[in-house]
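*Asks:* One structure, pasted below without further comment.
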Amino acid sequence: MNKMRLSGNKILITGGATGIGFAIARAFHSLGNDILICGRRKDRLDEATKFLPGTKSFRCDISSPEDRSRMYAFMADRFGEINILVNNAGIQRPADFLTGEDGMKYFHEEISTNLEAQLCMLAHFVPMLSKKSPAAVVNVSSGLGFVPLSRFPVYSATKAAIHSLTLSLRHQLKGTDIGVFELIPPTVYDTELKGKTLDKTDWMSSSSDVAAALVHGMETGESEIAVGAARRWNRASRDELDSIFDEINR
Ligand SMILES: NC(=O)c1ccc[n+]([C@@H]2O[C@H](COP(=O)([O-])OP(=O)(O)OC[C@H]3O[C@@H](n4cnc5c(N)ncnc54)[C@H](OP(=O)(O)O)[C@@H]3O)[C@@H](O)[C@H]2O)c1
């Protein structure tokens with residue numbers, strides 16, 4: 001696996017204004033990298049760039065093909081070509097099969113944000129990255145990609161798909177200088193994913209723990225960077241996965 005140089009890079013971080021994305025932006029900013037963050041809320045992007053001087057932002061709904069095209073044009077004009085893509089933006093919604101279409105109303109949005117947009121970004125950027133050295137893709141999956149939380153079935157399935165996709169991507173790119181990293185966070189208590197910050201428990205990590213693990217993993221060439229409690233889930237046997245499933249879906 002490729003070890004990465006962690007300064008002097010040009011990095012796009014989707015969803016970089018809050019939570020894990022912002023912690024990653026802050027970590028790379030402190031190491032001396034040029035960063036572009038994107039997200040849908042301008043106030044959050046402005047707040048983040050104020051905190052990280054020199055960082056650029058672009059308001060973009062990554063699930064919209066038109067918005068993605070506008071962002072690519074902005075990058076070509078005002079930011080330049082990247083050598084690291086961090087596919088981080090994501091949403092999590094409950095879904096209940098028993099309540100029919102009403103209980104399942106968010107699934108298109110989850111699939112288009114968490115999966116389809118990541119694929120479109122890869123289709124757009126991998127040819128560009130293949131001309132850079134060093135270069136990297138970071139796909140943010142989740143412990144729930146290994147053991148689903150049944151309240152969030154579609155979210156969990158999109159994260160399992162990101163894991164599978166990352167394995168194939170890494171294999172396809174093995175003859176290139178592109179390092180393909182999967183970041184696998186456990187439950188993180190200080191982000192906006194669940195609409196509010198959570199009360200910290202032993203099995204949760206902070207967004208800065210996750211960013212620090214990513215930096216360390218990229219530096220040492222660890223392809224699957226599982227953090228905190230997700231380390232057990234990532235390496236579990238099928239029997240252990242079944243018992244973790246029972247534990248978290250009581
Ligand atoms: N928190 C956890 O427990 C946890 C655990 C495992 C994995 N993860 C993963 O970590 C990643 C970051 O999540 P987080 O916990 O840091 O939550 P967060 O604070 O809500 O961050 C998600 C970011 O994505 C952006 N985003 C969402 N939809 C978008 C869209 N359509 N277009 C552009 N940007 C969009 C959001 O900004 P806007 O709303 O302004 O667009 C936000 O900045 C996600 O992929 C999540 O699945 C989180």
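The values are calculated or read from the model by the stated rules, or taken from the named source; none is laboratory data. This structure is a prediction, so every number in the text was calculated from the model and none was measured. Positions of Cβ are backbone-derived with ideal geometry, glycine not excepted, and every protein chain shown enters the neighbour counts.
*Asks:* Can you spot a residue in the range 46-55 that is over 21 Å from M128 (Cβ atoms), in a loop (DSSP other than H, G, I, E, B) and more than 15 Å from the ligand (Cβ to nearest atom)?
*Replies:* Going residue by residue through the range 46-55, those that are over 21 Å from M128 (Cβ atoms) are 46-54.
This time we only want the ones that are in a loop (DSSP other than H, G, I, E, B), so: 52-54.
Restricting the remaining residues to those that are more than 15 Å from the ligand (Cβ to nearest atom) gives 53-54.
Yes, some residue in the range 46-55 is over 21 Å from M128 (Cβ atoms), in a loop (DSSP other than H, G, I, E, B) and more than 15 Å from the ligand (Cβ to nearest atom).
*Asks:* Restricting attention to the range 151-199, which residues are closer than 30 Å to K131 by Cα and buried (at least 21 other Cβ atoms within 10 Å of the Cβ)?
*Replies:* Hits for the range 151-199 are T158, K159, I162, T166, I178, G179, V180, F181, E182, L183, I184, P185.
*Asks:* Which is more than 10 Å from the ligand (Cβ to nearest atom), within 25 Å of I35 (Cα to Cα), within 17 Å of the chain's Cα centre (by Cα) and charged (D, E, K, R), of E116, E81?
*Replies:* Selected residue: E116, the only one of E116, E81 that is more than 10 Å from the ligand (Cβ to nearest atom), within 25 Å of I35 (Cα to Cα), within 17 Å of the chain's Cα centre (by Cα) and charged (D, E, K, R).
*Asks:* What is the one condition in (1) within 30 Å of G175 (Cβ to Cβ); (2) touching a residue at least 60 places away in the same chain (Cβ under 8 Å); (3) out of contact with any Leu (no Cβ under 7 Å at 6 or more places or on another chain); (4) not basic (K, R) that A23 does not satisfy?
*Replies:* (1)
*Asks:* For W203, state whether it is in contact (Cβ under 8 Å) with a residue 12 or more places away in the chain and surrounded by 20 or more Cβ atoms within 10 Å (Cβ to Cβ).
*Replies:* No.
*Asks:* Regarding T197, is this residue within 22 Å of V138 (Cβ to Cβ), among the hydroxyl-bearing types (S, T, Y) and within 14 Å of the ligand (Cβ to nearest atom)?
*Replies:* Judged against the criteria, T197 is not a match.
*Asks:* In addition: So, in the range 16-45, how many residues would count as being within 14 Å of the ligand (Cβ to nearest atom) and of a type in the set (S, T, N, Q)?
*Replies:* Of the residues in that region, 1 qualify.
*Asks:* Test E101 against the stated conditions and say whether it is touching a Lys or Arg at 6+ places or on another chain (Cβ under 9 Å) and in a helix (DSSP H, G or I). So that I can check it myself, show each step before the final result.
*Replies:* Values: touching a Lys or Arg at 6+ places or on another chain (Cβ under 9 Å): no; in a helix (DSSP H, G or I): yes.
It is false that E101 is touching a Lys or Arg at 6+ places or on another chain (Cβ under 9 Å) and in a helix (DSSP H, G or I).
*Asks:* Now, a different point. Just for the range 84-98: of the residues that are surrounded by 15 or more Cβ atoms within 10 Å (Cβ to Cβ) and not in a loop (DSSP other than H, G, I, E, B), which one is nearest to the ligand (Cβ to nearest atom)?
*Replies:* N87
*Asks:* Oh, and also: Only one residue in S208, S164 is free of Cβ contacts under 8 Å to residues at least 60 places away in the same chain and hydroxyl-bearing (S, T, Y), so which one is that? Walk me through how you get there before you give the answer.
*Replies:* Details: S208 fails: free of Cβ contacts under 8 Å to residues at least 60 places away in the same chain.
Only one candidate passes the filter, namely S164.
*Asks:* Only one residue in I62, I24, I37, I20 is in contact with a Pro (Cβ under 8 Å, 6 or more places away or on another chain), β-branched (V, I, T), closer than 25 Å to I225 by Cβ and surrounded by 14 or more Cβ atoms within 10 Å (Cβ to Cβ), so which one is that? So that I can check it myself, show each step before the final result.
*Replies:* Working: I62 fails: in contact with a Pro (Cβ under 8 Å, 6 or more places away or on another chain); I24 fails: in contact with a Pro (Cβ under 8 Å, 6 or more places away or on another chain); I37 fails: in contact with a Pro (Cβ under 8 Å, 6 or more places away or on another chain).
It is I20.
*Asks:* Something else about it: Under 9 Å by Cβ, and 6 or more places apart or on different chains, what pairs join a residue from the range 61-79 that is in contact (Cβ under 8 Å) with a residue 12 or more places away in the chain with one that is part of a helix (DSSP H, G or I) and exposed (fewer than 12 other Cβ atoms within 10 Å of the Cβ)?
*Replies:* Final answer for the pair search is none.
*Asks:* Please tell me if D242 is within 14 Å of the ligand (Cβ to nearest atom), farther than 28 Å from I11 by Cα and either under 16 Å from the mean Cα position of the chain (by Cα) or acidic (D, E) (or both).
*Replies:* Criteria not met by D242.
*Asks:* Which residue, of S112, S130, is farther than 18 Å from L173 by Cα and at pLDDT 95 or above?
*Replies:* Sole residue among the options that is farther than 18 Å from L173 by Cα and at pLDDT 95 or above: S112.
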